[in-house]
1. Report the trypsin sites (Lys or Arg not before Pro) located in the stretch 100-145 that are in a DSSP loop and have at most 16 other Cβ atoms inside 10 Å of their Cβ, or state none.
2. Report the one residue of VAL129, LEU150, TYR99 whose Cα lies farthest in the direction of the positive end of the charge dipole of the stretch 99-258 (charges on C-beta: Lys and Arg +1, Asp and Glu -1; origin at the Cα centre).
3. How would the stretch 144-244 be classified by its alpha-carbon gyration tensor: rounded, prolate or oblate, with rounded meaning a/c under 1.5 and the a/b versus b/c comparison settling the rest?
4. With θ set to phi - 60°, apply the Karplus curve 6.51 cos²θ - 1.76 cosθ + 1.60 along the stretch 241-258 and write out the HN-Hα couplings as whole Hz, x wherever there is a Gly or Pro.
5. Taking only Cα atoms, what is the 0 to 90° angle, nearest 10, from helix 156-169's long axis to the longest principal axis of the chain?
6. Quick one, which of (1) 72, 53, 30; (2) 62, 42, 33; (3) 59, 43, 40 is the actual Cα extents along the principal axes in Å calculated for this model?
7. To the nearest 10 degrees, how steeply does helix 12-27 sit against the main Cα axis of the chain, on a 0 to 90 scale?
8. Set the Förster radius R0 to 22 Å, insert the Cβ-Cβ distance between SER214 and TYR263 as r into 1/(1 + (r/R0)^6), and round the FRET efficiency to 0.05.
Amino acid sequence: MKLPQIYQYLDYRHYLKDYYEARKATRGSQFSYRSFARDGGFASPNFLKLVMEGQRNLGKEGIGAFIQALKLNKSEGSFFEALVYFNQAKDDQERSKRYEVLSRFKKFREVREIEASQFEYYNNWYHPVVRELTLLPEFKEDPDWIARRLYPPITKEQAAYSLKLLERLGFVARNAQGKLEATERVISTAKEVQNLAVGHFHRHMLEKARDSLSSTPPEWRDISSVTIALSKKGFLEAKRRIQDFRRELNVLLSEEKNPEVIYQLNFQIFNLSRLPWLN
């Protein structure tokens, strides 16, 4: 049985389990948690099992021991260390930074090229905006025109790269006349990366909404809120209605025949007190 390749994984615990099973399949009784622990210099074989099952985390010393036990080369060892820090990150902001580190490894990008590109699509607020910009009748495939059309403006270099990224992902394509047009393609990637990337995108857009309070005249924006006391049942009903309305509005506005400008439409409902049903 072939040993798994570390660059194919986004969860180091899954990698450890697959590695253990592959070694066990080829060496039988000669390979065990005890011999695995001995290879890494661990005093207790039980610790390895607890780590693999998610009951223990790895520190710097433990990472080094696993790299030794797994017989990883320098690059693989560095990737394993980055993967551990990604999986053990405390929040989405740290996870996002750790994922960017993973994306710098060439072999990881080769294996998960589309996934890394999709993360990048959401990681910068202007990529989805450039995609929507292609729907405008006066759209020009000119990085300078695109850069100046966005608010706030981006650089020509960012605009040019954004077009390349959109083409690579298939989010824009050339029609029979050679003009770039937005396609119907949707994001499809690993759930963990998708949640991380989309969360990052929403944080960007919330910042843009805050900035619009001082940069856009009130008559050309709408930012309103209501603070209410809800039960769990009431919250779920509110969430369902928001989702239905969002889908209905998306269909309605997508039929716009002569778009002139790009808007971002946000919906939020979030808790301002502790959630008792999570206890």
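1. Working: sites: ARG104, LYS106, LYS107, ARG109, ARG112, ARG131, LYS140; in loops: ARG104, ARG112, LYS140.
Answer in residue order: ARG104, LYS140.
2. Checking the options against the dipole of the stretch 99-258, the answer is TYR99.
3. On the way: a/c = 2.38, a/b = 1.47, b/c = 1.62.
Since a/c reaches 1.5 but b/c is at least a/b, the shape of the stretch 144-244 is classed as oblate.
4. 5, 4, 5, 5, 5, 4, 5, 5, 5, 5, 5, 4, 6, 6, 8, 4, 8, 10
5. Its long axis makes an angle of about 70 degrees.
6. Computed from the coordinates, Cα extents along the principal axes in Å corresponds to (1).
7. Relative to the chain, helix 12-27 is tipped by roughly 40 degrees.
8. Details: r = 17 Å, r/R0 = 0.79.
It comes to 0.80.
No value in this document is a laboratory result; all are computed from the given coordinates. Just so we're clear, the structure is a prediction, and the values are computed from it rather than from any experiment. Neighbour counts run over all protein chains shown; Cβ positions are idealised from the backbone, glycine included.
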